[in-house]
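One structure below.
The values are calculated or read from the model by the stated rules, or taken from the named source; none is laboratory data. The model shown is predicted, which means the values in this text are computed figures rather than measured ones. Using ideal geometry, Cβ is built from the backbone for each residue, glycine included, and neighbour counts are taken over all protein chains shown.
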Amino acid sequence: MTLPRLLVIMGSGETAPTMKVPHRRVFERLEADGTPATPIMLDTPFGFQENAPILAQTTTKYFSDSVSQDVAVAGLTRTDTGDTAAIESAMTAIRDANWVFAGPGSPTYALRQWQRTDLRQVLGQKLAPTEDGGGGALVFSSAAALTLGCATVPVYEVYKVGMDPWWEQGLDVLAEIGINAAVIPHYDNQEGGNHDTRFCYLGERRLLMLEPDLPDGAFVLGIDEHTGVIMDLDADTAEVVGKGGLTLRRNGASVRVETGDTVSLDVIRSGGTTTPGASPATATTATDAAHSATIDAVAAPAASGPADVSLGATARSLEGAFTAAIAAGDSDAAVAAILDLDAAIVEWSADTLQSDEMDQARRALRSMVVKLGGAAASGLRDERDVLGPVVEAALAARRVAREEQAYAVSDAVRDGLDAAGIEVRDTADGVEWVIRR
C-alpha cells in the first residue's frame, strides 16, 4: 500500500473548531487505500511546562472528539534525562507512525531536545519518495511550525524576555522538498492591540531587523492564524485552507496566496518569484505587480469572517445578539445567546493558544448572566404582558360570579388578586387593575 506524502503547516488553531475539516481531510487521504492511520503526537514543544500531561490529554481528546482519531503521545518531553530506553521507545513509535503532529510550546526548547535525536532524519524520511520508503503526513503548527525551516524565531526569548531578535537554526525539514525558508506562524496576529504583534509577535520593526540575516536565498513563509497549507508532494501542489492566507516574503516584498487557492509547489519554492502551475483562480496572487508591494502593505488585517473563526469573534457576536435581545425584551433570545456562548467556550477549550480569548469569553459570559438577572429583576418583559392573561381570566370569573350574585366568590377572587399584588378598581368605565410597586 502506497502512502501519500503530505506536509501540513498551520499558523495556529490546530485544536480549534476551524481546523476540524483540514485534519479530517488529511486522515481521509491517509486511509484512502484502506491503510489505517497510526497517529502520534510529539509532546516535546510543551514538554517544559508543568501541565504538559494535561495539555497532551486535552489535545488527544480534541482529535478523538472532533476528528475521530485516537492519537498516541510520543512521551518525548525531554531528551536530557539519560533515559535512553525511553527516548528510543519514543523515537521508534515516531518512525512507525504515518501521521505525526506537533503544536504549541517553545520552538527553541523543542529544538534543543530534538538535536539529541535523529528526529530530523525521521521526519525527512516521511517526505521522501515512496519508492525510497517514504510516505505519511507531518502536521506541524504554531511553535512546531517555526522549527520546520532553515531558521527559527526564538519567540519566547524575544517577545517575553526582551532579548534582541536573532535566528536560531531550524530543523530545515523544508529542505527535503526544496523550500529554503523560515516559517513564521501567527503571521497576522493582532493580540497586541496598541502595538504590532504580527509575524509571530515580532512586529514589523523586528522582522525588518532579522530579514537581512536569513541564510542566502532564504525567504519568509508566513501562515496566518487559523490557517493552514496542505502540501501534497505527490501532486506537487500547495492548498491554503482555513481563515486567512499564506505569505511569501522576500526582502520586505510579499506575495499572498489566499484560503481556497491551490498553487504549484514551485510557487512556494521560488518564494513567489515564479508562478508555474498556478491554477486560474490563483494566478493573480503571484503576479509581477505583487512584488512591488510596499512593506507597509504587508499582512494588512484580513476582512472579518464568520463569527466562528475564533472564540473572541464568537463571543463578540453573541454579546451583540444578547444586547439586542435585552433591548427588545426578548428573554428567550437572551438566554439562547448565553447558552450558545457557553457551548462555544466548551468547543474551543481544546485550543491551548486561546487563553486570552478564553478569559475574555468567560468574562463576557459572566457579564451576560449578571445583566440577564438584572433585566429580569427590573422586568425584562412588560409585567402586564406576563400577568395579563391570568388576571383577565380571574376578572372574567369574578364578573360571572357578580352576575349570578355569588358575591362571596367575587370577593374571594378580588382578595386573591390583592394578595398577589394586583389591585382591582371598579370604575364607571369598567374594571381596571394595576400592579402595586
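Worth a mention:
- Looking at Asp359, Asp418, Asp332, just one residue is modelled with pLDDT of 75 or more, in a helix (DSSP H, G or I) and closer than 30 Å to Ala56 by Cβ, and that residue is Asp359.
- Residue in the stretch 114-122 that is free of Cβ contacts under 8 Å to residues at least 24 places away in the same chain, part of a helix (DSSP H, G or I) and out of contact with any Ser or Thr (no Cβ under 9 Å at 6 or more places or on another chain) present: yes
- Residue within the stretch 157-178 that is touching a residue at least 60 places away in the same chain (Cβ under 8 Å), in the same structural domain as Phe27 (by TED's automatic domain parsing), surrounded by fewer than 24 Cβ atoms within 10 Å (Cβ to Cβ) and at positive phi present: yes
- Within the set Gln57, Gln69, the sole residue that is surrounded by fewer than 23 Cβ atoms within 10 Å (Cβ to Cβ) and in a loop (DSSP other than H, G, I, E, B) turns out to be Gln69.
- For the stretch 129-144, a tally of residues being more than 23 Å from Cys200 (Cβ to Cβ) and either in contact with a helix residue (DSSP H, G or I) (Cβ under 7 Å, 6 or more places away or on another chain) or surrounded by 24 or more Cβ atoms within 10 Å (Cβ to Cβ) (or both) returns 5.
- Restricting attention to the stretch 76-111, the residues that are within 31 Å of the chain's Cα centre (by Cα), in contact (Cβ under 8 Å) with a residue 24 or more places away in the chain and assigned to a helix (DSSP H, G or I) total 10.
- Boolean, Leu148 is hydrophobic (A, V, I, L, M, F, W, C) and part of a loop (DSSP other than H, G, I, E, B): yes
- Total residues in the stretch 219-232, condition crowded, with 21+ Cβ neighbours inside 10 Å, within 21 Å of Val173 (Cα to Cα) and out of contact with any Asp or Glu (no Cβ under 6 Å at 6 or more places or on another chain): 9
- Close pairs from the stretch 51-67: first touching a residue at least 60 places away in the same chain (Cβ under 8 Å), partner surrounded by 15 or more Cβ atoms within 10 Å (Cβ to Cβ) and part of a helix (DSSP H, G or I), Cβ under 7 Å, at least 6 apart: Leu55/Phe46; Ser66/Lys20
- Residue within the stretch 181-202 that is touching a residue at least 40 places away in the same chain (Cβ under 8 Å), over 22 Å from the mean Cα position of the chain (by Cα), surrounded by 19 or more Cβ atoms within 10 Å (Cβ to Cβ) and closer than 26 Å to Asp261 by Cβ present: yes
- Within the stretch 414-428, residues that are assigned by TED's automatic domain parsing to the domain that holds Val400 and over 13 Å from Ala396 (Cα atoms) sit with their Cβ atoms under 6 Å from residues that are surrounded by 11 or more Cβ atoms within 10 Å (Cβ to Cβ) and modelled with pLDDT of 85 or more, at 6+ positions apart or across chains, in these pairs: Ile422/Trp433; Glu423/Val434; Arg425/Glu432.
- Residue that is surrounded by the fewest Cβ atoms within 10 Å (Cβ to Cβ) [pool: residues in the stretch 386-437 that are over 30 Å from Ser331 (Cα atoms) and among the acidic types (Asp, Glu)]: Asp429
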